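Only one structure is covered here, and it is reproduced in the block below.
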Amino acid sequence: MIKEIEILSRQSCFDFRDKNYSIEKFKHEFDLDYIVSGSIRVVGDRLRISVELSEISDGNVIWASKYDRVKEDIFDIQDEIVRKITISLIGEIELSSLERAKRKPTENMNSYECLLKGKELHHRFTKKDNEESLLALDASIKADNKNSQAYAWKACALGQAYGRGYQDDTDKLISEIMDNINKAVELNNNDFEAHRMLAEVHLSLHDFEKALDHGSKAFQLNPNDPRVSSVYGEILIRIDKLDDGILLLEKAYELDPVPQGQSTSDRRLCALLTGYYLANDFEKCDELINKIVDIDFKSWLLSIDIFEKNDKDLNKSWFTKGLTKFNDLDISLEVDRFHLNNETLTNSLVKKAENYIS
């Protein structure tokens, strides 16, 4: 949450660990200057944590510490590590910046553990895991009904159920999603997760003014979270702030190329392609469409349109694949989900898609 430091995403770090990359490969792939490493062990109710901050270029350890504390001290340990690393890298900065970085959502450890469980289950994306995620988040709220993050993540899990068709009563779902997000903001107006989710909801409802308001707020609170950069960038490219929006989408792709729960970079690439399409940058669109592993309808249709506008040959494998993959879609509904903020362009794309796959 500290603007002066650009941080690689949690998921990219886990991928690094799971793939057993060397530090040199990791450094080269993401152009890193510093790395934080260490270990965590739980013995009964006690935590044993070791952590060090080192320069990648020469391996010098800048700061290191060990902690042997009770589990309930986890938030205090996190805050101390944030402070020590920040001061080691950029010196003393305003206390208010560090205060924003505190990550203590609740005093109740049971509520916190249920929150973590709910978040993990949510990122598995199956119907069963979604149901169990909601149960865990409800348990988190029951243990502490002032835990704003539990409400925010419950809204996210409900949004997943809505988007993937896990529940039938969509009107009730939308109402419940909004109730939980608004409750999160009511409890903590500085909860960036809640503002990020509100930005996504209002973008999907084509309320670009409210989407911008909450996207901007989320970015001010946490400029390093790639999900925040992504949704804020998506909003900006739709209100003609193309350069700023594309810059944020590039940042999200750089820090978090494979989002949590995904196996490819397709989602990031699709967002970037949309930005470059709106900027009428054919070269970048051509480059991006060829990087997408599993072609999606939006990238396919936008690429067709920009290829035709630039008199380019459509004899491409991605084009042929889409002709059969998308031939049974509700075209108007799918194009509406592009959220383009341009009725003329939306209608034009509907007609173009109907020419190819109706």
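The values are calculated or read from the model by the stated rules, or taken from the named source; none is laboratory data. Since we're looking at a predicted model, the values are computed, not measured. So basically every Cβ, Gly included, is an ideal-geometry build from the backbone, and we count neighbours across all protein chains shown.
Would you pick out the residues in the range 74-88 that are over 25 Å from the mean Cα position of the chain (by Cα), surrounded by fewer than 16 Cβ atoms within 10 Å (Cβ to Cβ) and closer than 16 Å to residue 5 by Cβ?
Within the range 74-88, 87, 88 meet the criteria.
Which condition number in (1) surrounded by 14 or more Cβ atoms within 10 Å (Cβ to Cβ); (2) at pLDDT 90 or above is the one that residue 48 fails?
Every condition holds for residue 48 apart from (1).
If a residue has to be surrounded by 22 or more Cβ atoms within 10 Å (Cβ to Cβ), among the aliphatic types (A, V, I, L, M) and modelled with pLDDT of 95 or more to count, how many in the range 252-280 make the cut?
4
Of all residues in the range 1-57, how many are over 27 Å from residue 192 (Cβ atoms), assigned to a strand (DSSP E or B) and touching a Leu at 6+ places or on another chain (Cβ under 8 Å)?
The total comes to 1.
In the range 239-251, what residues are in a helix (DSSP H, G or I) and within 22 Å of residue 207 (Cβ to Cβ)?
Here is the first cut: in the range 239-251, the residues in a helix (DSSP H, G or I) are 242-251.
Scanning the range 239-251 gives 242, 244, 245, 248, 249.
Can we say residue 161 is within 30 Å of residue 244 (Cβ to Cβ) and under 19 Å from the mean Cα position of the chain (by Cα)?
So residue 161 does not fit the description; no.
If you check residue 275 against the conditions, is it farther than 23 Å from residue 211 by Cβ, part of a helix (DSSP H, G or I) and of a type in the set (Gly, Ala, Ser)?
No.
Please note which helices (runs of 4 or more DSSP H) are completely contained in the range 123-218 and include at least 3 residues that are modelled with pLDDT of 90 or more and either in contact with a strand residue (DSSP E or B) (Cβ under 9 Å, 6 or more places away or on another chain) or among the charged types (D, E, K, R) (or both).
Qualifying helices (runs of 4 or more DSSP H): 127-143, 170-187.
Looking at (1) surrounded by fewer than 15 Cβ atoms within 10 Å (Cβ to Cβ); (2) in a helix (DSSP H, G or I); (3) not assigned by TED's automatic domain parsing to the domain that holds residue 314, can you tell me which one residue 283 breaks?
With respect to (1) surrounded by fewer than 15 Cβ atoms within 10 Å (Cβ to Cβ); (2) in a helix (DSSP H, G or I); (3) not assigned by TED's automatic domain parsing to the domain that holds residue 314, residue 283 is out only on (3).
Out of curiosity, is residue 202 crowded, with 18+ Cβ neighbours inside 10 Å and not acidic (Asp, Glu)?
Values: crowded, with 18+ Cβ neighbours inside 10 Å: yes; not acidic (Asp, Glu): yes.
Yes, satisfied.
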